[in-house]
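Beneath this line is the structure, given in C-alpha cells, with notes to follow.
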Amino acid sequence: MTTGAQTPGSPARPPRSRLRTFLPLGIAAWLVLEVWLLTVVAGAFSGFVVFLLLVAGIVLGSVVIKSAGRRAFRNLTETLQQQQAGVMPEARPNSEGNGLMMLGGLLLILPGLISDALGLLMLLPPVQKTVSRYAERTVERKLREAGPGTLGDAFRQARTHQPDGKVVQGEVIRDDPDDAPRGPRPPLTH
C-alpha cells in the first residue's frame, strides 16, 4: 500500500575528477610501453644489454639520490647553525633543486627506458628550473583558489563535508580563567 510519500533517493555522488579517471589508464599505458620498449631493445641487441641498462639505471639513480640527500642535509645543517648563531641565513644559489634531483634519481631507479630518459632529463638544470617554476605557479594558483584560512580550517572543512566525518561543530567555553589543573582528576567511568 502506498501512502504517497516518496522514498528517499540515494545522495547525489560528486562527479569523478578527470585525474581519477585517466591516471590509472595512463599508468597502465606507460607500463605497457616500457615493457614493449625493453623487448624491442632486447630483440635488437640482447637480453644481457637490457639487464646492464637496468642495473646502470639503478646504480646511477642511487648515486644521484644519495648526493642530493647529502647536499640537502648539508644545506639544512648550515642553515640551522647560522640561525643558532643569530645570523640571518644567506641564500645559496645551488640550494634549490634537491627534490627534483631526488625525483630524477627515483625515475632512474625505476626499471624502464622511458623512466630513465625522464630521470636523466630531470638532472638537467634548465629542466629543473622549468619544472620548479611550473610547480610553484600551480601551487600558488591552488592556494589562491582555496581562499584565506589555515591548514586546520581546511582540514576541518574537508572533514565537515564528509557524511561520515563525525565532526561536531561547537566551541569549548571554560568557566575558569585558570587553565591550570587544580589536582588529580577522577578516573573516567563508563
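Where a number appears in this text, it was derived from the coordinates with a stated rule and is not lab data. Everything quoted here is computed from the prediction, not taken from an experiment. Please note: Cβ atoms are built from the backbone with ideal geometry, for glycine as well, and neighbour counts cover all protein chains shown.
If you take all other residues with their beta carbon under 14 Å from the beta carbon of LEU25, and give Lys and Arg +1 and Asp and Glu -1, the sum is +3. For the peptides 13-22, 119-128, 28-37, the ranking by packing is 119-128, 28-37, 13-22, with the highest mean count of neighbouring Cβ atoms within 10 Å listed first. You can think of it this way: the chain between ARG133 and TRP36 has 31.6 nm of extra reach, that is 0.36 nm per residue less the Cα-Cα gap.
Classified by the C-alpha gyration tensor, the stretch 29-132 has a prolate form. Its axis ratio a/c, with a ≥ b ≥ c, is 1.5 or above, and a/b is larger than b/c.
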